[in-house]
Amino acid sequence: MCFDWGPGEMLLCETSFNKKDKSEMAPSCPFIYIVRKDADVYSQILRKLFNESHGIFVGLQRIEEELTGKSRKAQLVRVSKNYRSVIRACMEEMHQVAVAAKDTASGRQFSSQVSILSAMELIWNLCEILFIEVAPAGPLLLHLLDWVRLHVCEVDSLSADVLGSENPSKHDGFWNLVTVLVLQGRLDEARQMLSKEADANPPSAGMCRILGDLMRTMPILSPGNTQTLTELELKWQHWREECERHLQDSTFAASPRLESLCKIMMGDEATLLEHKELLSNWYHFLVTRLLYSNPTVKPIDLHFYAQHCLEQLVVCSSPHRPFGSLQTPPVTQPLVSWPNAPILFLVIRALRESHFGSNMREFLLLEYASGLFAHHSLWQLGVDYFDYCPELGRVSLELHIERIPLNTEQKALKVLRICEQRQMTEQVRSICKILAMKAVRNNRLGSALSWSIRAKDAAFATLVSDRFLRDYCERGCFSDLDLIDNLGPAMMLSDRLTFLGKYREFHRLYGEKRFGDAASLLLSLMTSQIAPRSFWMTLLTDALPLLEQKQVIFSAEQTYELMRCLEDLASGRPGCGEPDAQRLQDDDIETTKVEMLRLALARNLAQAIIREGSLEGS
């Protein structure tokens, strides 16, 4: 097949056939089609899951280096429980939304997501027990019992119905409730239910008392108990022999239900399979069988028992109730990408250092972060995941950053800040250039100049400076004066930018009536060759008010320099091409300006020579 998962949870198929029926809303490319894109994973509720799990992940990375030994294991378990609590919170919120949904389709959709989240939390909890907490033989079964009780909770609603009735022992679901309690190892609660049966049915009171005593004396390794596994196995063997003796003595022969419960406690597989309807799934059957046949099972042997339980349930499943219904709900491809990552991060952390483990962790981080970058608002979370990939994280982040559409300036600033914090120089320059070009297209010259300076792009800064000068020639004033007045060292980025800054300084000096300084600056702009030749006439025209002052501003030497510049400009004017009316008019204006400048320069030269001669004579 040519199908494969593409970026953004899209299913892609390469084809050379054109699409016959074209939709106006479809992408314009005729060879790539979006077959399926699952948006459910990015719903408002599930986005909380991404955000909160991101906070847990970052917090773990910050303290992970300080953790060693038992404190490390305990911290990883706490982090795993935090992850699971976030999942359960999302489940509860999703369930409320599903119940409140107005249309059936939405209700089914949300209910399906609740099932998926439930399956996630179920698998996560098991991984936590086996790989993070690494429960040894003995405590392992206690954890598995808690695991089943947490995820098989139908018994709680059944218990409420039975106990809420007037006569619980006569309720239709009474014996189902007692059986399920025994199947889940909740023997104290089962004893309480048997006491109600004994009160309501005196002939069976003796049998209920004996079975209750067996439940009470069943040896279980409690969390605070210091007994060894050998002692536990010995006690359990004696207890099992006592149960077997009661069965052989036909103690419960008068009550098939009580006898069945005793057989369950003996771990009789045939009896367990008779109650498969009360075992909601294969792992419930697995834990019950271990509880009553091998309570000190080792983690390494679990898969043998699991395989056996699966095979037994498949054989015993009826065609009307296939075994598939006993399994966890199917987890769809897009949503499974989230739980795979965080739980496996923790598992690999718990397994400590191995080259394969570190590579797998980085691979998962890269895949997960790439998926986050496919979403328009979750991409920021992916940045931190890339940061904790020591080998390929930076390269991958650079590639993904370049693909982010900079739709708004606010988003561009976020991306820019991320790049600057990580000293990604090339990406910073690229983003600034893109924003500068957008600003130029929108005729926002101040913003364009600011971005080009930030990008340290001399060529683009020159282009924007030319636009400023052209705009000045057309309007007679500068826009964005605050920016130009505060260029500072940034004006050294290019000659044209330097000229723009200095030319603005000339206007400021002139406005402050510092004519001498203004004249010197104007002359230096022309003689230093940083002014574009097309702007010379504007500079010479700016000199006219200074030449017309009563006080001589330009010295004779400075006047000679201005006259040389004027003649160079006049002699270098193009004269080719067929003249039209507009060009003739422009030539007349230029000729008038040249004549006015020559007259003003000659008058100033005469005054300067007289003034300088008088000073020398005195």
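The values are calculated or read from the model by the stated rules, or taken from the named source; none is laboratory data. The model shown is predicted, which means the values in this text are computed figures rather than measured ones. Please note: Cβ atoms are built from the backbone with ideal geometry, for glycine as well, and neighbour counts cover all protein chains shown.
Here are the numbers for this structure:
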{"item": "Criterion violated by ALA519 - all others in (1) in the same structural domain as THR538 (by TED's automatic domain parsing); (2) surrounded by fewer than 17 Cβ atoms within 10 Å (Cβ to Cβ) satisfied", "result": "(2)"}
{"item": "Leading residue by the ranking (surrounded by the fewest Cβ atoms within 10 Å (Cβ to Cβ)) among those in segment 533-556 that are part of a loop (DSSP other than H, G, I, E, B) and touching a helix residue (DSSP H, G or I) at 6+ places or on another chain (Cβ under 7 Å)", "result": "GLU548"}
{"item": "Flag if VAL178 is touching a Gly at 6+ places or on another chain (Cβ under 7 Å) and either of a type in the set (A, V, I, L, M, F, W, C) or in the same structural domain as ALA253 (by TED's automatic domain parsing) (or both)", "result": "no"}
{"item": "Residue match in segment 428-442 (condition: surrounded by 15 or more Cβ atoms within 10 Å (Cβ to Cβ), of a type in the set (Val, Ile, Thr) and assigned to a loop (DSSP other than H, G, I, E, B))", "result": "no"}
{"item": "Members of segment 498-536 that are more than 25 Å from ALA458 (Cα to Cα) and among the aliphatic types (A, V, I, L, M)", "result": "LEU509, ALA518, ALA519"}
{"item": "So ASP213, is it part of a helix (DSSP H, G or I), assigned by TED's automatic domain parsing to the domain that holds THR251, touching a Gly at 6+ places or on another chain (Cβ under 7 Å) and free of Cβ contacts under 8 Å to residues at least 40 places away in the same chain", "result": "no"}
{"item": "Considering residues of segment 389-400 that are more than 13 Å from the chain's Cα centre (by Cα) and in contact (Cβ under 8 Å) with a residue 12 or more places away in the chain only, the residue nearest to GLN427 (Cα to Cα)", "result": "GLU398"}
{"item": "Flag for PHE304 being outside the structural domain of LEU234 (by TED's automatic domain parsing), at pLDDT 90 or above and within 30 Å of LEU234 (Cα to Cα)", "result": "yes"}
{"item": "Whichever residue in segment 444-463 is more than 32 Å from the chain's Cα centre (by Cα) and more than 11 Å from SER494 (Cα to Cα) and, among such residues, is surrounded by the most Cβ atoms within 10 Å (Cβ to Cβ)", "result": "LEU449"}
{"item": "In segment 377-394, the residues that are under 12 Å from ARG47 (Cα atoms) and loosely packed, with under 15 Cβ neighbours inside 10 Å", "result": "SER377"}
{"item": "Qualifying residue in segment 230-243 (condition: farther than 19 Å from TYR292 by Cβ and of a type in the set (Lys, Arg))", "result": "no"}
{"item": "Qualifying position, being among the hydrophobic types (A, V, I, L, M, F, W, C) and over 29 Å from ARG598 (Cβ atoms), among MET492, MET537", "result": "MET492"}
{"item": "Tally, over segment 219-259, of residues that are buried (at least 18 other Cβ atoms within 10 Å of the Cβ) and within 53 Å of the chain's Cα centre (by Cα)", "result": "4"}
{"item": "In segment 347-361, residue modelled with the lowest pLDDT [restricted to those that are assigned to a loop (DSSP other than H, G, I, E, B) and not acidic (Asp, Glu)]", "result": "SER354"}
{"item": "Helices (runs of 4 or more DSSP H) completely within segment 89-199 that count 2 or more residues being surrounded by fewer than 21 Cβ atoms within 10 Å (Cβ to Cβ) and touching a residue at least 40 places away in the same chain (Cβ under 8 Å)", "result": "104-127, 139-151, 174-183"}
{"item": "In segment 80-102, the residues that are within 26 Å of ASP387 (Cβ to Cβ) and either charged (D, E, K, R) or modelled with pLDDT under 90 (or both)", "result": "LYS81, ARG84"}
{"item": "Residue in segment 362-396 that is modelled with the highest pLDDT, counting only those that are more than 17 Å from GLN61 (Cα to Cα) and of a type in the set (A, V, I, L, M)", "result": "VAL395"}
{"item": "Boolean, LEU601 is modelled with pLDDT of 85 or more and either in a helix (DSSP H, G or I) or surrounded by 13 or more Cβ atoms within 10 Å (Cβ to Cβ) (or both)", "result": "yes"}
{"item": "Criterion violated by LEU221 - all others in (1) part of a loop (DSSP other than H, G, I, E, B); (2) out of contact with any Pro (no Cβ under 8 Å at 6 or more places or on another chain); (3) closer than 20 Å to PRO136 by Cα satisfied", "result": "(2)"}
